[in-house]
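Asks: Below you will find the structure I want to go over with you.
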Amino acid sequence: MMIGTIGILGAGKVGTVLARLAVAAGYRVLIAGSGDPAAIRLTVDVLAPGAVATTAADAAERADAVILALPLGKYRGIPGEALRGKLVLDAMNYWWEVDGIRDDLTDPRTSSSEIVQAFLPGSRLVKAFNHLGYHDLEDRARPAGSADRVAVAIAGDNPADLDAVAALVDALGFDPVIAGPLAEGTRFEPGTDLFGAVEPADEVRTRLNRLPRAARGRTTAAAPGA
């Protein structure tokens with residue numbers, strides 16, 4: 001599929017950085033906060049000039065692909081019906097300091113992205129932009145072929161969707177590395193060897209392979225006081 005318009009749910013640091021990169025790459029960008037678009041309009045104009053502040057439902061309905069850049073604990077507020085049939089990129093991570101100590105977000109039998117996919121059964125979810133911090137996303141985007149380009153891991157169940165997200169990752173300035181199905185997103189969640197690492201594609205593949213496939217990777221990060 002061709003992505004022309006990107007919706008971003010979340011106008012915090014990750015959301016505005018991704019919006020800025022997407023605008024620079026030539027995409028139309030719709031960005032939404034948690035309420036009235038007027039509350040974020042100035043922030044968007046300053047931090048992501050060219051992006052359009054709107055409601056979450058409007059961004060979801062009008063975009064070809066939607067990036068979730070919210071605190072994971074707020075995922076149940078995502079407009080699921082508006083996202084039905086959409087390609088959705090899950091850029092969220094569980095932080096107990098932000099989300100609270102949540103047993104429903106730390107189930108060892110599944111991954112955080114699979115939890116979100118279960119809440120959005122009509123959407124096609126791909127995990128992406130999770131293991132780099134917002135400052136690294138901001139500072140390390142490079143044109144294709146740059147010697148110092150770093151990689152972003154992605155995971156999803158549909159090959160065509162993975163191809164579409166890989167093309168978007170490349171356009172935003174990073175080499176895409178496919179980790180496998182959505183369940184393999186555990187290999188770049190908080191607490192894994194890859195999380196927070198700013199590395200080229202070969203090293204990203206190496207770090208992904210250090211963790212057993214579909215193993216839980218966030219035990220340490222989920223623990224209070226970690």
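The values are calculated or read from the model by the stated rules, or taken from the named source; none is laboratory data. Keep in mind it's a predicted model, so treat the numbers as computed, not measured. So basically every Cβ, Gly included, is an ideal-geometry build from the backbone, and we count neighbours across all protein chains shown. Calculation scope for accessible area: heavy atoms of the full protein, side chains included, ligands and nucleic acids excluded. Shrake-Rupley method; radii C 1.70, N 1.55, O 1.52, S 1.80 Å.
Asks: Just need a number here: residues in region 173-197 that are outside any loop (DSSP other than H, G, I, E, B), closer than 16 Å to ARG142 by Cβ and open to solvent by less than 10 Å² (accessible area, probe 1.4 Å).
Replies: Count: 1.
Asks: Inside region 125-172, can you point out the residues that are more than 23 Å from VAL198 (Cβ to Cβ) and either surrounded by fewer than 17 Cβ atoms within 10 Å (Cβ to Cβ) or more than 13 Å from the chain's Cα centre (by Cα) (or both)?
Replies: ASP157, ASN158, PRO159, ALA160, ASP161, ASP163, ALA164
Asks: Only one of these is of a type in the set (Gly, Ala, Ser) and in contact (Cβ under 8 Å) with a residue 12 or more places away in the chain: ALA39, ALA25. Name it.
Replies: The conditions single out ALA25.
Asks: For region 162-181, indicate whether the set of residues that are modelled with pLDDT of 90 or more, among the charged types (D, E, K, R) and more than 27 Å from GLY80 (Cα to Cα) is non-empty.
Replies: Yes: region 162-181 contains one or more residues that are modelled with pLDDT of 90 or more, among the charged types (D, E, K, R) and more than 27 Å from GLY80 (Cα to Cα).
Asks: Please find, within region 99-125, the residue that is modelled with the highest pLDDT out of those that are in contact with a helix residue (DSSP H, G or I) (Cβ under 7 Å, 6 or more places away or on another chain) and among the small types (Gly, Ala, Ser).
Replies: Restricting to residues being in contact with a helix residue (DSSP H, G or I) (Cβ under 7 Å, 6 or more places away or on another chain) and among the small types (Gly, Ala, Ser), the top hit is SER113.
Asks: Also: Just give me the residues in region 15-41 being at pLDDT 95 or above, part of a helix (DSSP H, G or I) and either crowded, with 23+ Cβ neighbours inside 10 Å or touching a strand residue (DSSP E or B) at 6+ places or on another chain (Cβ under 8 Å) (or both), in sequence order.
Replies: GLY15, THR16, VAL17, LEU18, ALA19, ARG20, ALA22, VAL23
Asks: Right, next: Counting only residues that are among the hydroxyl-bearing types (Ser, Thr, Tyr) and either over 13 Å from ILE8 (Cα atoms) or touching a His at 6+ places or on another chain (Cβ under 8 Å) (or both), which one in region 42-77 is least open to solvent (accessible area, probe 1.4 Å)?
Replies: Applying the filter and picking the extreme gives TYR75.
Asks: Let me ask another. Do we have any residue at all in region 78-92 that's open to solvent by 50 Å² or more (accessible area, probe 1.4 Å), outside any loop (DSSP other than H, G, I, E, B) and not acidic (Asp, Glu)?
Replies: Scanning region 78-92 turns up no residue that is open to solvent by 50 Å² or more (accessible area, probe 1.4 Å), outside any loop (DSSP other than H, G, I, E, B) and not acidic (Asp, Glu).
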